[in-house]
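The values are calculated or read from the model by the stated rules, or taken from the named source; none is laboratory data. Keep in mind it's a predicted model, so treat the numbers as computed, not measured. Ligands, DNA and RNA are excluded from the accessible area calculation, which covers all protein heavy atoms including side chains. Shrake-Rupley method; radii C 1.70, N 1.55, O 1.52, S 1.80 Å.
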Amino acid sequence: MVVTLSLVLLFGFIVALLLKYRAVSAGAAVASLLFGFYLANTPAAGPINQVMTALATAIGN
């Protein structure tokens, strides 16, 4: 839970910075948000979560 919440905050911060500095349009940010939302409902969500957890664990050690 902590890793997931941290990644959500991290990616949210990155998107906010990209929008602030106009490196990405609001439409592209919304499309990315929706893509992530719908990707989370697919069978790919499990392996992606496992990889991200392994990376966070490796970086933490």
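Odds and ends about this structure:
- Extension gain, LEU19 back to THR57 (0.36 nm per residue minus Cα-Cα distance, nm): 10.7 nm
- For the chain, the solvent-accessible area with a 1.4 angstrom probe is 83 square angstrom per residue.
- Of all accessible heavy-atom area on the chain, the percent that carbon and sulfur account for (1.4 Å): 76 percent
- Measuring nothing but alpha carbons in the range 1-60 and taking Rh as the Kirkwood radius, the Rg to Rh ratio lands at 1.02.
- With Cα atoms, 0 to 90° folded angle of helix 2-20 axis to the chain main axis: 20 degrees
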